[in-house]
Amino acid sequence: MNPEIVVHSSVHEVDFWKRYRVLLRMIKALEEREHLILALQGEGSIPEKTRDEAVGSIKAEHAQNLGVFHDFLVNFINMSLLGLHHVDITLEFSFYSAGPILSERICIHVDQHKKKLPYEEGQRFLSALSWILEEDQPDASLVRLYEVYQERYDRGQDVDLNRCTLALQKEVYPGSIFHATLRLPAEAFIEPEFGQIPTTPDRE
């Protein structure tokens, strides 16, 4: 956007909520496509070859649509930074010490509104956290990472926003598995360095 052009706040508000409605329609369309794929896969009356070709074609189109959705989501989050809205993302996931990290649920919070995002979006963001599985204590590494974001977004703004939260549970039977729920301002997830713990130079 040209810095010399000033957009009136009311115009920004209209555009913001218009894009939010588009986001909701895109989510609904993706959900319907997923249901269609599942329905076709379970349809026994269609010849196997014909069914597989149809499913393959729809999956390819679905993958392209997910890419378009991700780009739209990133643009929507960037737009939210220009106004007075709080846009957060909650990731619910699980992992074993030996991996992998699996998305269970991902939601976007737009002020008081909450909406589930596609599963693939959660896996996309979680790929940046795969390094914790290489640590001796992956749960402790996740806590350290969370503390970095809490310092930046909650404490770093001299107000108690409480937009950063982490809930972590360990299940020990039948196997050792961690369940985590991580909520951060959405802008954190679209940063190029998301998931990294910044290195601090040694003090003399």
- Count of lysine pairs, the chain, Cα-Cα under 20 Å, sep. 8 or more residues or interchain, comes to 9
- Task: Pop a pseudo-label 7 angstrom from the Cα along the beta-carbon direction at both residue 40 and residue 194 and give the gap in nm to one decimal.
- Result: 2.9 nm
- In terms of the Cα gyration tensor, with a ≥ b ≥ c the square roots of its eigenvalues, is the chain rounded because a/c is under 1.5, prolate because a/b exceeds b/c, or oblate? oblate
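Between residue 59 and residue 14, take the C-beta separation as r, use R0 = 25 Å, and let me know the FRET efficiency to the nearest 0.05.
On the way: r = 36 Å, r/R0 = 1.46.
Efficiency computed from Cβ-Cβ geometry: 0.10.
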- Query: Using 0.36 nm per residue, how much length does the chain from residue 177 to residue 107 gain when fully extended, once their Cα-Cα distance is taken away?
  - Reply: 23.0 nm
- Contact order relative to length of the chain, as percent, for alpha carbon pairs under 8 angstrom and 6 or more apart: 19 percent
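Laboratory data are not the source of any read-out in this text; all were calculated from the coordinates shown. Everything numeric here is computed off the predicted structure, so don't read it as measured data. All Cβ positions, glycine included, derive from the backbone under ideal geometry; neighbour counts span all protein chains shown.
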